[in-house]
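Novice: Questions regarding the structure given below will be posed in turn.
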Amino acid sequence: MRYDKRLSTLTDALDYASRGQTGYNFYSGAGELSAALPYAKLRKEARSLARKLSNMGLSRGSRVAIVADTHPDFVRFFFACQYAGLTPVPLPAQLQLGGRKAYVAQLTRLLSICEAELAMAPDAFLPFLTDAAQGTNVRFLGAPQDYDALPETDAPLQPAKSTELAYLQYTSGSTRFPRGVMITHKAVMSNLSAIIKYGSKIREGDRAVSWLPFFHDMGLVGLLLTPMVSGISVDFLNTRDFAMRPRLWLKLMSENRGTLSIGPPFGYELVARRLRDEDAHQYDLRSWRFAGVGAEMIRPESLRQFADKLRPSGFDARAFLPCYGMAECSLAVSFGVQGQGLQTDHVDADLLSERRIAMPVPSPLAGNANQRSNTFVNCGVPLPGYESEIRDPAGRVLPERHCGALYLRGPSVMSGYFGDPEATQAVLSEDGWLNTGDLAYQVGSSIFITGRKKDLIIIHGRNIWPQDIEYLAELQPEIRTRDASAFSVPTPDGEEQAIVMVQCRVSDKRKSTELKERIQRLIGDELGIVCKVELVPRNSLPRTTSGKPSRSGARKEYLRRKSAP
């Protein structure tokens with residue numbers, strides 16, 4: 001079934017997809033099919049549930065919070081909201097990160113921000129959602145079976161219109177200060193159309209495989225909505241099962257002859273680390289033509305290791321397709337060229353650091369070994385309808401190969417952040433230009449990302465905001481506000497290590513050790529990461545000219561001291 005460009009909403013798309021024989025398939029941690037949900041069955045069940053939701057006295061566009069576990073029930077509720085004219089809000093299903101207390105607190109923040117009136121969670125997550133909903137606007141909360149037991153309305157359904165919200169997507173940014181991205185049907189359908197036609201170039205007979213969570217824009221838009229809108233089948237593996245058994249990704253791609261899959265670089269790295277060389281021949285990956293890579297900075301070395309290890313399986317490294325996008329643009333902004341694999345650019349590291357000019361130099365493997373260079377991956381040209389500019393801090397457009405802030409304008413840009421006009425105004429201009437906060441340079445129309453959002457810490461694909469770490473450090477009685485700076489540094493294995501530099505008066509060795517352990521423990525409990533704590537004397541924390549702690553200055557000072565003889 002081919003994509004129909006006349007589709008204007010997600011319900012139009014599901015109505016169209018339901019005419020075919022394709023759909024969603026869910027697999028267990030053993031790699032066995034646990035549930036099949038053809039699009040025709042999904043449409044029938046979603047419309048039935050929509051009649052029950054429509055009977056609950058909600059105003060049009062009311063938010064429905066859904067814990068987004070990888071299960072047919074999430075999909076059913078997501079589309080039921082579309083048919084009922086309500087706005088679904090996917091919530092994370094990540095209990096293991098930070099423990100129960102932190103997870104409940106996170107859910108409470110998300111429920112409060114979106115002002116959800118209904119909330120749903122599968123049985124395993126219901127106790128946490130129940131605790132989180134205390135004191136919020138949630139009027140009814142339950143598991144799927146609780147909603148299924150409700151009566152249906154006899155009134156005709158009133159699906160959302162193209163100008164209305166399709167969903168709220170929480171950014172993968174700050175866990176303490178999350179923002180709900182407002183995406184209309186018009187915006188997401190525009191993006192889905194471009195992804196299908198120009199990005200993944202989906203064709204008859206394609207089949208997708210995904211282990212990405214539904215609460216992430218890449219998982220929701222890229223591998224839940226895109227296959228449905230294009231009428232192809234997709235096989236889902238729970239993210240937790242993938243993390244424990246990453247080879248299941250290969251198993252599904254091999255056994256089901258998957259042609260399309262996308263993941264952040266750490267997913268490919270995890271497979272390469274866990275897979276023994278002698279086991280690669282067990283898989284047949286000759287059908288895998290689109291191996292999308294995005295969501296974080298792309299390191300070519302890790303992808304080459306994946307390709308080298310899986311060469312016996314028939315995996316072709318030319319299948320790698322770097323892409324760039326963000327929730328604020330629905331999902332995708334740019335794609336590389338299919339069939340070319342990774343295209344890299346080697347630039348003078350010192351010139352880039354000092355003057356923000358990306359001057360090309362020979363590859364480190366062929367050039368001067370004494371010259372420091374950085375290697376960046378070509379993320380492709382913007383999708384049709386998108387404009388891109390690289391600007392300096394004063395807002396001036398920079399020429400080719402000059403690094404600056406990446407600005408975008410296009411048909412799938414968000415309407416704004418829900419309930420936060422100040423944050424919206426800070427990044428979205430009246431004429432539609434979005435400040436992505438990412439640093440980049442362009443060669444021709446191709447985009448090369450040089451760094452994620454300013455000061456953002458990325459640990460195994462997770463965005464950790466430095467202010468969250470600093471806030472936790474400053475909760476200690478010995479630490480004053482603005483006396484902590486968080487950043488990350490590369491480790492020998494190419495990963496990122498979170499560091500928080502704290503200035504305080506504690507000089508006693510035993511007390512210093514106890515303070516560092518206390519901060520580390522709190523950060524681990526709240527954020528689910530390992531963070532090193534560096535204590536420095538009072539008045540030694542680098543600051544900006546306005547008196548704020550300088551994270552980049554703290555990082556430079558940390559690296560300087562660590563490299564000193």
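Novice: If you scan the stretch 189-219, which residues turn out to be acidic (Asp, Glu) and either at pLDDT 95 or above or buried (at least 24 other Cβ atoms within 10 Å of the Cβ) (or both)?
Specialist: Correct list: Asp206, Asp217.
Novice: Filter the strands (runs of 3 or more DSSP E) completely within the stretch 297-365 down to those with at least 3 residues that are under 30 Å from Thr424 (Cβ atoms).
Specialist: Of the strands (runs of 3 or more DSSP E) lying wholly inside the stretch 297-365, those with at least 3 residues that are under 30 Å from Thr424 (Cβ atoms) span 320-325, 332-335.
Novice: Looking at Gly339, Gly263, Gly292, can you tell me which residue is surrounded by 20 or more Cβ atoms within 10 Å (Cβ to Cβ) and at pLDDT below 95?
Specialist: Unique residue meeting the criteria: Gly263.
Novice: Continuing with the same structure: Being surrounded by fewer than 19 Cβ atoms within 10 Å (Cβ to Cβ) and farther than 21 Å from Arg538 by Cβ is the filter; apply it to the stretch 469-495 and report the residue that is nearest to the chain's Cα centre (by Cα).
Specialist: Top of the filtered list is Glu495.
Novice: Could you please tell me which pairs satisfy a Cβ distance under 7 Å, a separation of 6+ or placement on different chains, a first residue in the stretch 1-14 that is under 19 Å from Ser233 (Cα atoms) and among the acidic types (Asp, Glu), and a second residue that is modelled with pLDDT of 90 or more and surrounded by 21 or more Cβ atoms within 10 Å (Cβ to Cβ)?
Specialist: none
Novice: Go through Met182, Met120 for me and flag whichever is out of contact with any Ser or Thr (no Cβ under 9 Å at 6 or more places or on another chain) and aliphatic (A, V, I, L, M).
Specialist: Met120
Novice: Additional query: Residue check, Lys511 against (1) within 22 Å of Arg551 (Cα to Cα); (2) outside any strand (DSSP E or B), all met but one. Which one?
Specialist: Lys511 satisfies all of (1) within 22 Å of Arg551 (Cα to Cα); (2) outside any strand (DSSP E or B) except (1).
Novice: Here's a follow-up. Looking at the stretch 1-108, what strands (runs of 3 or more DSSP E) fall wholly within it and have at least 2 residues that are under 25 Å from the mean Cα position of the chain (by Cα) and under 27 Å from Lys251 (Cα atoms)?
Specialist: By residue number, 23-27.
Novice: Of all residues in the stretch 420-435, how many are part of a strand (DSSP E or B) and out of contact with any Phe, Trp or Tyr (no Cβ under 7 Å at 6 or more places or on another chain)?
Specialist: Qualifying residue count for the region: 1.
Yes/no matrix, rows are residues, columns are (1) under 30 Å from Ile183 (Cα atoms); (2) within 22 Å of the chain's Cα centre (by Cα):
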| residue | (1), (2) |
| --- | --- |
| Leu275 | no, no |
| Arg289 | yes, no |
| Met297 | yes, yes |
| Ala317 | no, no |
| Gly336 | yes, yes |
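Novice: Mind listing whichever residues of the stretch 496-505 are under 39 Å from the mean Cα position of the chain (by Cα) and not small (Gly, Ala, Ser)?
Specialist: The answer is Glu496, Gln497, Ile499, Val500, Met501, Val502, Gln503, Cys504.
Novice: Scanning the stretch 237-258 for residues that are more than 15 Å from Ala291 (Cβ to Cβ) and either among the charged types (D, E, K, R) or not assigned by TED's automatic domain parsing to the domain that holds Gly31 (or both), which turns out surrounded by the fewest Cβ atoms within 10 Å (Cβ to Cβ)?
Specialist: Glu255
Novice: Also: Taking the criterion of being in contact with a helix residue (DSSP H, G or I) (Cβ under 7 Å, 6 or more places away or on another chain) and either modelled with pLDDT under 95 or in the same structural domain as Val530 (by TED's automatic domain parsing) (or both), would at least one residue in the stretch 31-50 satisfy it?
Specialist: Yes, the stretch 31-50 has at least one match.
Novice: Further question: Can you pull out every residue in the stretch 425-451 that is surrounded by 17 or more Cβ atoms within 10 Å (Cβ to Cβ) and among the charged types (D, E, K, R)?
Specialist: Within the stretch 425-451, Asp438 is the sole residue that qualifies.
Novice: If you don't mind, there's one more thing I want to ask. Only one of Phe77, Phe140 is among the aromatic types (Phe, Trp, Tyr) and either surrounded by 22 or more Cβ atoms within 10 Å (Cβ to Cβ) or not assigned by TED's automatic domain parsing to the domain that holds Asp217 (or both); which?
Specialist: Phe77
Novice: I'd like to check which helices (runs of 4 or more DSSP H) are fully inside the stretch 183-275 and have at least 3 residues that are under 30 Å from Val413 (Cβ atoms) and of a type outside the set (Lys, Arg).
Specialist: Where helices (runs of 4 or more DSSP H) fall fully within the stretch 183-275 and carry at least 3 residues being under 30 Å from Val413 (Cβ atoms) and of a type outside the set (Lys, Arg), they are 185-194, 226-230, 265-274.
Novice: How many residues does the stretch 457-487 hold that are over 15 Å from Ser550 (Cβ atoms), touching a residue at least 60 places away in the same chain (Cβ under 8 Å) and not acidic (Asp, Glu)?
Specialist: Of the residues in the stretch 457-487, 11 are over 15 Å from Ser550 (Cβ atoms), touching a residue at least 60 places away in the same chain (Cβ under 8 Å) and not acidic (Asp, Glu).
Novice: From the list Gln476, Gln497, which residue is of a type outside the set (A, V, I, L, M, F, W, C) and outside any strand (DSSP E or B)?
Specialist: From the options Gln476, Gln497, the qualifying one is Gln476.
Novice: May I pose another question? When you scan the stretch 148-158, do you find a residue that is free of Cβ contacts under 8 Å to residues at least 40 places away in the same chain, part of a strand (DSSP E or B) and surrounded by fewer than 22 Cβ atoms within 10 Å (Cβ to Cβ), even just one?
Specialist: No: zero hits.
Novice: Condition test on Asp455, is it buried (at least 17 other Cβ atoms within 10 Å of the Cβ) and either basic (Lys, Arg) or on the phi > 0 side of the Ramachandran plot (or both)?
Specialist: yes
Novice: With the requirement that a residue be polar (S, T, N, Q) and either out of contact with any strand residue (DSSP E or B) (no Cβ under 9 Å at 6 or more places or on another chain) or at positive phi (or both), what does the stretch 463-500 give you?
Specialist: Answer for the stretch 463-500, where residues must be polar (S, T, N, Q) and either out of contact with any strand residue (DSSP E or B) (no Cβ under 9 Å at 6 or more places or on another chain) or at positive phi (or both): just Thr481.
Novice: Inside the stretch 3-36, can you point out the residues that are within 23 Å of Ile195 (Cα to Cα) and among the aliphatic types (A, V, I, L, M)?
Specialist: Matches in the stretch 3-36: Leu7, Leu10, Ala13, Leu14, Ala17.
Novice: Sticking with this one: Which residues, counting only those in the stretch 224-249, are closer than 15 Å to Leu37 by Cα and among the acidic types (Asp, Glu)?
Specialist: Residue satisfying the conditions is Asp235 alone.
Novice: Which of the numbered conditions does Arg299 fail, given that it passes all the others? Conditions: (1) among the basic types (Lys, Arg); (2) under 28 Å from Gly451 (Cβ atoms); (3) free of Cβ contacts under 8 Å to residues at least 40 places away in the same chain.
Specialist: Of the numbered conditions (1) among the basic types (Lys, Arg); (2) under 28 Å from Gly451 (Cβ atoms); (3) free of Cβ contacts under 8 Å to residues at least 40 places away in the same chain, the odd one out for Arg299 is (3).
Novice: Related question: Filter the stretch 374-409 down to the residues that are part of a strand (DSSP E or B), free of Cβ contacts under 8 Å to residues at least 60 places away in the same chain and among the hydrophobic types (A, V, I, L, M, F, W, C) and list them by number.
Specialist: Of everything in the stretch 374-409, those that are part of a strand (DSSP E or B), free of Cβ contacts under 8 Å to residues at least 60 places away in the same chain and among the hydrophobic types (A, V, I, L, M, F, W, C) turn out to be Ile390, Val397, Ala405, Leu406.
The values are calculated or read from the model by the stated rules, or taken from the named source; none is laboratory data. Bear in mind that the values here come from a model prediction, so they are computed numbers and not experimental data. Quick reminder, even Gly has a Cβ in these numbers, built from the backbone with ideal geometry, and neighbours come from all protein chains shown.
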